[in-house]
1. What tally of residues in segment B:55-74 results from selecting those that are hydrophobic (A, V, I, L, M, F, W, C) and within 12 Å of another protein chain (Cβ to nearest Cβ)?
2. Hey, does segment A:75-84 have a residue that's over 25 Å from B:GLY192 (Cα atoms), part of a helix (DSSP H, G or I), within 14 Å of another protein chain (Cβ to nearest Cβ) and not basic (Lys, Arg)?
3. So which residues in segment B:478-518 are touching a Leu at 6+ places or on another chain (Cβ under 9 Å) and closer than 29 Å to A:ASP27 by Cβ?
4. From the list B:GLU471, B:GLU487, which one is within 30 Å of B:PHE74 (Cα to Cα), among the charged types (D, E, K, R), surrounded by fewer than 20 Cβ atoms within 10 Å (Cβ to Cβ) and over 16 Å from the mean Cα position of the chain (by Cα)?
5. In this structure, does A:GLU268 turn out to be away from chain B (no Cβ under 14 Å), in a strand (DSSP E or B) and without any contact (Cβ under 8 Å) to a residue 60 or more places away in the chain?
6. Looking only at segment A:398-416, which residues are at negative phi and either over 23 Å from the mean Cα position of the chain (by Cα) or of a type in the set (Phe, Trp, Tyr) (or both)?
7. Among the residues of segment B:423-433, is there at least one that is over 15 Å from the mean Cα position of the chain (by Cα) and surrounded by fewer than 16 Cβ atoms within 10 Å (Cβ to Cβ)?
8. Looking at segment B:224-234, is at least one residue surrounded by fewer than 24 Cβ atoms within 10 Å (Cβ to Cβ) and at positive phi?
2 protein chains.
Amino acid sequence: MIERQQVHSNSPGWVVSVALPSPSLHDNSADADRLLRALKRELGVDQVQADLILLRRLPQVLRDAEYRVRCVLFRDGVCGRLVHVAAADEALAGLAIDLGTTRVVMRLVDLEDRRVLAERAFDNPQIEIGPDVLARIHYADQPGGRERLQALIVAGINREVANLCGSVHMTPDHIFLISVAGNTAMSHLLAGLPTRWMIREPYIPAVNRFGLIPAAQLGLAVNPLARLFLFPSVGSYFGGDLIAGILFTGLHRQSETALLVDVGTNAEVVLGNREWLMACAGAAGPALEGGVTRMGTTAAPGVIDRVRIDPDSKAIDIHTIDDLPPRGICGSGVIDLAAQLYLSGMIDIRGKFQPAVCGERWVEINGMAHVIIVPAEASANGQPLGISQADMDSLIRSKAAMYTILETLTGSMGIALDELKTFFVAGTFGSFIDPRSAITIGMLPDLPLTAFRSMGNTSLGGASLVLQSREAVMDIDAIRDGITYMELNVNQDFMNRFSAAKFIPHTDPGRFPSVPAPGRRISR
Amino acid sequence: MIERQQVHSNSPGWVVSVALPSPSLHDNSADADRLLRALKRELGVDQVQADLILLRRLPQVLRDAEYRVRCVLFRDGVCGRLVHVAAADEALAGLAIDLGTTRVVMRLVDLEDRRVLAERAFDNPQIEIGPDVLARIHYADQPGGRERLQALIVAGINREVANLCGSVHMTPDHIFLISVAGNTAMSHLLAGLPTRWMIREPYIPAVNRFGLIPAAQLGLAVNPLARLFLFPSVGSYFGGDLIAGILFTGLHRQSETALLVDVGTNAEVVLGNREWLMACAGAAGPALEGGVTRMGTTAAPGVIDRVRIDPDSKAIDIHTIDDLPPRGICGSGVIDLAAQLYLSGMIDIRGKFQPAVCGERWVEINGMAHVIIVPAEASANGQPLGISQADMDSLIRSKAAMYTILETLTGSMGIALDELKTFFVAGTFGSFIDPRSAITIGMLPDLPLTAFRSMGNTSLGGASLVLQSREAVMDIDAIRDGITYMELNVNQDFMNRFSAAKFIPHTDPGRFPSVPAPGRRISR
């Protein structure tokens, strides 16, 4: 993360100080033309566009500042954009947004020194309409639905922007650039674009390249001159959040082939280097439906995120977020749990509970086998906390789907999974996963632990980079255009690989030499 | 005029029919990207921008039309602009505006077959603030002044657009492109840009290249998607109206050097060919103040526009517009009158009335000599219609200023005035001037009459061309950037030439071989 930021820190940012020669009888070009000419040179473009409202103020601003001004610039494809000409001591901020289906994370960045000023996360208010993308797309198709969804997310952003700015003694009026990375549907719903055709064959979005949008046109309560950059998408199933992720990891600049997995609501995978990028997403047809998607639950205080089981006593040692009494288990906790259940022999290679080993932790509720992790007396709500066989089966399908996708993608390029030297793990959920546990259950390939690079919220990271580095923005189109999107062909071959991956760690344990046989003590 | 339109009629226009391949699983690029890709090819640009409001409708429009649509395009510098995607039978119109200080002329054009649909002229409503540019610039500097001037012209255009459209059974909603040619001040006041610095040294405008402005942003009541193209200016004294004029005459495409004179409120002159363009305007300092500018009064019904004087009887034969009883004399009438007075010996070579020749037409009113053209009993208002010695002196200064400007401009390029093969006369006033009379008084050089080409309203012509021809729009920046603007240096040399030109036709009659000595019958 630090490394990537260093790569781009040499690139100039979007605030440029310009000292123009004063007009004279020998150089009496117009105020706007004089300034835009200098900015064309600065950006290396043939044209710089500016809003009329800005041009109306420009002559006075230039004279007040004696022709020495700071300009907020951006780039819209082949054109430059002059967003604002600042007064002497005016604070110039940018807003990076990771527009998640469930959670929205915003980061306020100083456009001049490029420091992060503050960060804030909140639930996507569209959840009140529907928890997932599909529900919202259906709702958007009803009369007024699209407008309502757009209004909800905009109101949410506006509310939180005010709080975010307040926390650093700024006002939203200081925000001149906004950069948003979201999946294709969330990006459409923010822009008020129709999503109807994304879920109908041949599944195409209205727009893949959104360009630079006047923030005011979306109803965003920031500076009226502000422009919003919405990361482009590759298609309905490969959105701007992933392009932001690639940008942030720098995958597209590396000579060595690396892999990036974003484990969010979906599993999205990119393989590549500076020569090529190959991607696929987890929407792999009915066979995998609900597969990867059901693994993660939101991490929050009191949620179990780490599990250890003593292989001898089978005692379960849990850790909860903020060390509060346990009230649930999040995705990374489930993966830890599965790995530990397997290593302790409490589940077999098919993920089935072994009542003999589980002992009194094994109970049957409504005819469904469960393993109790936290007894009623130790939990937050006085109810026992457990995992059902159905949950475990679902996890097995999920991890098998993930592994099969990885195997298929690398295989398509003639690369073996164990050849990979770098494996970027992205996403809030992904960043909490213990790679050791993920390897143990056969979800991630058996690489040296040093190969795994937890990148945190790469979507937010990429969105922030856009505000910090001109070079980063230049990379985006190249990334988008360079991606070959592989539709997962759920054929017999794929299903065979999927079936083989439904064992822990795999039908072929030779692929996971580091994973000990169940019951043996783990050497780490 | 016909010739120029033919040059451009081979150039494609702004309405393009596109038949897109339907999306399929093999080509599932987004709706917008699919369309914009085709339009990039069509326009030969790297980028085509489109409004978000348009993109929101696009998927449905494309499907309703089965992917065969007509698009209204335009160009904004290096970028293309998709303005509208039309339904099957929708009328697509453009509006060309000659935005004069005094008079505004508008023309409605069919964007598809490029026919002129209707035309309409009205007084610039800003006249209520001030009759001339200077008065309005001063007013614009008062609090709220700029906004009021902008509102006045916009309200005027909106009112007349509704009438214009109504006359051809259209609504303003069918207008998608607007092209405006005006002088620099009028262009600024339409766009709501400050004009304050145009009249203060070093006399620079806020903007010379206005770019493509959303018409709605100016308050224009046309289609909400419409874009307005405002002709760029060279500087405060050389505006978009003249660039439109050059475009319309095609001066910039000719191999042969030609001259264009726009005799409007000011005298603006362009000399050049396809290699170079040299321009100067009549704002030639205090020596010429009120010079060229006072010649023309508005032509209207009942106004004298033609005068003949019998060299023997000195009988004055007048023609009025619409053959109504005379109530004034317009610019072309004054030039005719001066030429005839000179040829009949009623004025001398200095323009002074000769009482002995004038006879009873010579009268003194309040101590000022006058020549009566129409006696009281023959005029519209029962008052005699005459011309004073002061008016005549002013005309002499005006014509001398014009000739000196022409001489100075051609001289600066080492060209003699009589070498010119083509002399374009532009402007409503200019188009009514009888070149023979203008030569007689020494206002225009003594070229064969066939060299003079009366071009009518070239500003409106150029503005219309922009709506009709893509090629024309491509020429505009080249014209603007190619113009060398010559500041008239009113030095001793200029004043000597000016003094020599204050005789009829000139101190050196050898320059006007076709002009007979006074009193002789004219052989035409």
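1. Let us first name the residues in segment B:55-74 that are hydrophobic (A, V, I, L, M, F, W, C), namely B:55, B:58, B:61-62, B:65, B:69, B:71-74.
Checking which are within 12 Å of another protein chain (Cβ to nearest Cβ) leaves us with B:55, B:58, B:61-62.
Count: 4.
2. Going residue by residue through segment A:75-84, those that are over 25 Å from B:GLY192 (Cα atoms) are A:75-78.
In the following step, the residues that additionally are part of a helix (DSSP H, G or I) were identified as none.
No, because not a single residue in segment A:75-84 is over 25 Å from B:GLY192 (Cα atoms), part of a helix (DSSP H, G or I), within 14 Å of another protein chain (Cβ to nearest Cβ) and not basic (Lys, Arg).
3. Selection gives B:ILE479, B:GLY482, B:ILE483, B:THR484, B:MET486, B:GLU487, B:LEU488, B:VAL490, B:PHE494, B:PHE498.
4. Values: B:GLU487 fails: within 30 Å of B:PHE74 (Cα to Cα).
Criteria check complete, one pass: B:GLU471.
5. Working: away from chain B (no Cβ under 14 Å): yes; in a strand (DSSP E or B): yes; without any contact (Cβ under 8 Å) to a residue 60 or more places away in the chain: yes.
Against the criterion (away from chain B (no Cβ under 14 Å), in a strand (DSSP E or B) and without any contact (Cβ under 8 Å) to a residue 60 or more places away in the chain), A:GLU268 qualifies.
6. Initially, segment A:398-416 is screened for residues at negative phi, giving A:398-413, A:415-416.
Hits for segment A:398-416 are A:TYR403, A:GLY411, A:SER412, A:MET413, A:ILE415, A:ALA416.
7. no
8. Checked segment B:224-234: no residue is surrounded by fewer than 24 Cβ atoms within 10 Å (Cβ to Cβ) and at positive phi.
The values are calculated or read from the model by the stated rules, or taken from the named source; none is laboratory data. Nothing here was measured: the structure is a model prediction, and the numbers come from that model. In this analysis, Cβ positions are derived from the backbone assuming ideal geometry, glycine residues included, and neighbour counts consider all displayed protein chains.
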